[in-house]
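See structure below.
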Amino acid sequence: MDSFSLPARQKLLDFGAESSRLAWAAKDRGEPVGWMSTKFPAEIPAALGLVTCCPESQAAALASAGQGGPLCSAADGLGFCADLCSYSRIGLALAAGCQEGGSRIPLPDFLLCCNNICCNMLQWYQNLARTLDIPLFLLDIPYTAQNEPDGELIGYLRAQFSTLTRRLSAFVGRPWQEEAFSRACRGAVDSALAWQEVGELLKDPLCPWDGMELFDYMPVLVSRRCDPRTAGLLRELGRELAALPQAERPARARLMLEGTPCWPHLRQVLAPLRQANIRITADTITPSLGFVYQDLDGLLRAYCGTINGSTLAKGLADRARLCRERGVDGILMHLNRSCRPWSGVLPQLGRGLAGEGWAVVSFDGDQADPGGFAGAQYATRVQGLLEMLEKGKEAGA
Ligand code: SF4
């Protein structure tokens, strides 16, 4: 049995897929449904019993299914510039009804946006609010050059939290209850701890499964992290993964994938790695969902600490620590044309990681627009990485 045939895997995927059915069912009952940005505090809508959909997760799923190209083209046809992030272009195309056969997620009645991952998100949601004529509830987390948010920033966020929850509660006509909020936070923290436990399995050099698999479970962590069932399902998955027979020999090399995966070309990206018995045992995104906290200030601090919201120094330290923990030999960086706040710092981060001894190569691509990737360039870069790793081994022998 391999990891793909584990019963817990299927249960978790079904649980994640249930989110869109829940959203349609809520619509049928006449309840408001929201669209929520990935790193908006999910604890807020959960406390109010609201159903939300994440258009970024939806865009990633559509891009993996080969629909990124047509939807990006549809957004171009609506007048949106091709230089915009492809997730936002897909989200705008979905909102305009451009998906063939109809969207898998219903149109929103309200929007929950946090700009802690980029400013593009805010422009995207402002456009949705205007064109759909629905309210936008914004949590403004400005970028700061501090490694940790200070008291002034936390005070600013606490004041916003109070206004936002009051306004949202009035809009949906449901009372804000501290006990419900605490319950949602406990669920989120427990899910995060269970998620960390699954990720830790990748530290074992004989771990038989590839870390790319963790991306399959991300929609659950984004949309249902506050649900008390999520932690249980993740722990079940962890137990089944841990019980798999170990690999007969360690991988030829272990890599960290930096950046959002190039979803439209994922098979092409992974094929040469699998052929060469190279495993991905670390990435930047999946650990970022395993954050825990103790109280409201801790929650607000945690939502400041996004990948794009971190300083260069913190980003470098976090990656170096992860690479050491997961026994990483080399780093494959996806210069994702869509996510400029992220890709913009990667050359400097790459130099920092190379300076600490890791073999680093990068390739060009896009998370959802198939046009941003060149197979020949990718093959050359992977070949270069293999050569660097071999040379490193010879030098260390
Ligand atoms: S620019 Fe990056 S962070 Fe912003 S919406 Fe696009 S992918 Fe997400």
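Derivation of every value follows stated rules applied to the coordinates shown; laboratory data play no part. Values in this document were obtained by computation on a predicted structure and should not be read as measured data. Please note: Cβ atoms are built from the backbone with ideal geometry, for glycine as well, and neighbour counts cover all protein chains shown.
Per-structure values
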| read-out | value |
| --- | --- |
| Shape call, region 1-115: gyration tensor on alpha carbons, a/c limit 1.5 | oblate |
| Cα-based shape type of region 130-169, given that a ≥ b ≥ c are square roots of the gyration tensor eigenvalues and the cut on a/c is 1.5 | oblate |
| Approximate shape of region 106-247 as ellipsoid semi-axes (Cα gyration tensor, √5λ), whole Å, largest first | 34, 18, 17 |
| Principal semi-axes in Å for the chain [√(5λ), Cα gyration tensor, largest first] | 34, 24, 22 |
| Amide proton proximity set for residue 258, modelled H, under 5 Å, gap of 5+ | 332, 333, 334 |
| Simple spin-label estimate for residue 206 and residue 171 in nanometres, 7 Å along Cα-Cβ | 5.4 nm |
| Under 28 Å from the Cα of residue 314 - lysines, other chains or at least 8 residues apart | 39, 203 |
| Whether region 198-277 is rounded, prolate or oblate, judged on the alpha carbon gyration tensor where a/c under 1.5 counts as rounded | oblate |
| Highest to lowest packing among 48-55, 133-140, scored as the average C-beta count within 10 Å | 48-55, 133-140 |
| Ranked by how many other beta carbons lie within 10 Å on average, peptides 298-307, 186-195 from highest | 186-195, 298-307 |
